[in-house]
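Student: Here it is, the structure, as structure tokens.
The values are calculated or read from the model by the stated rules, or taken from the named source; none is laboratory data. What you see is a predicted model, and the numbers here were worked out from it, not measured in a lab. Here the Cβ is made from the backbone with ideal geometry for all residues, glycine too, and neighbour counts use every protein chain on show.
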Amino acid sequence: MPHPEIEQSILAFVARETGRNPKCFTLNSRLAQDLGVDGDDAVELFEKFGEKYGVDLTALFQNWDHHFVPEGSGPGIGFMIAVGAGAILGDLLHRVYPPIPAWAWMIPPPIVYMFVHAKFFAEPDNCDPITIQELVDAAISRTWDRHYEPRATMFHSGL
């Protein structure tokens, strides 16, 4: 059953919180993927949402990593390690095969790291989207009632 008052209120709320024109998105718009809400901005939006609409978001916050990439989840230290490994590898491979300069051997490790990081760890597209309609549903029921399956990671298979 439609709830036009709540829908309009939440569309206005999301517009205010994201600084976007509410005519540029719909109830089917995804927060991270379509509106760019992520990291600390997502935390702040949901804290305000829970308070304003009286929604218990405990289940969402316990499963936050299903939906959002953490703030500052860019390459960081992993990228620096890839650059260092590239420098060492470049020097060693240049000694084995001198026609290719050491700097040329240094390029692939950081590029491979950035590709792997972007593809598997830092892309909102790899996260389970949350739509504005789900905010409406949560405001109506006063709880975040999505069911979550345990997620396997590359370090823990859940066994």
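Student: Ala118 fails exactly one of the following numbered conditions: (1) surrounded by fewer than 17 Cβ atoms within 10 Å (Cβ to Cβ); (2) aliphatic (A, V, I, L, M); (3) modelled with pLDDT of 75 or more. What is the number of that condition?
Tutor: So Ala118 meets the others, but not (3).
Student: A further question follows. Condition check: surrounded by fewer than 17 Cβ atoms within 10 Å (Cβ to Cβ), aliphatic (A, V, I, L, M) and either within 25 Å of Tyr148 (Cα to Cα) or in contact (Cβ under 8 Å) with a residue 12 or more places away in the chain (or both). Does Ile6 satisfy that?
Tutor: Answer is yes for this residue.
Student: Further, regarding this structure: For Gly36, are the conditions met, namely being small (Gly, Ala, Ser) and under 25 Å from the mean Cα position of the chain (by Cα)?
Tutor: Answer is yes for this residue.
Student: Val136 - would you say it is at pLDDT below 85 and surrounded by 11 or more Cβ atoms within 10 Å (Cβ to Cβ)?
Tutor: For Val136, the condition - at pLDDT below 85 and surrounded by 11 or more Cβ atoms within 10 Å (Cβ to Cβ) - is not met.
Student: Return yes or no: is Leu92 at pLDDT 80 or above, within 23 Å of Pro22 (Cα to Cα) and of a type in the set (A, V, I, L, M)?
Tutor: Here the answer is no, as Leu92 does not meet what is asked.
Student: Quick one: Thr153 ticks every box in (1) surrounded by 12 or more Cβ atoms within 10 Å (Cβ to Cβ); (2) at pLDDT below 80 except a single one, so which number is it?
Tutor: All conditions are met except number (1).
Student: Suppose we filter segment 23-38 for residues that are assigned to a helix (DSSP H, G or I) and crowded, with 16+ Cβ neighbours inside 10 Å; how many remain?
Tutor: Counting residues in segment 23-38 that are assigned to a helix (DSSP H, G or I) and crowded, with 16+ Cβ neighbours inside 10 Å gives 5.
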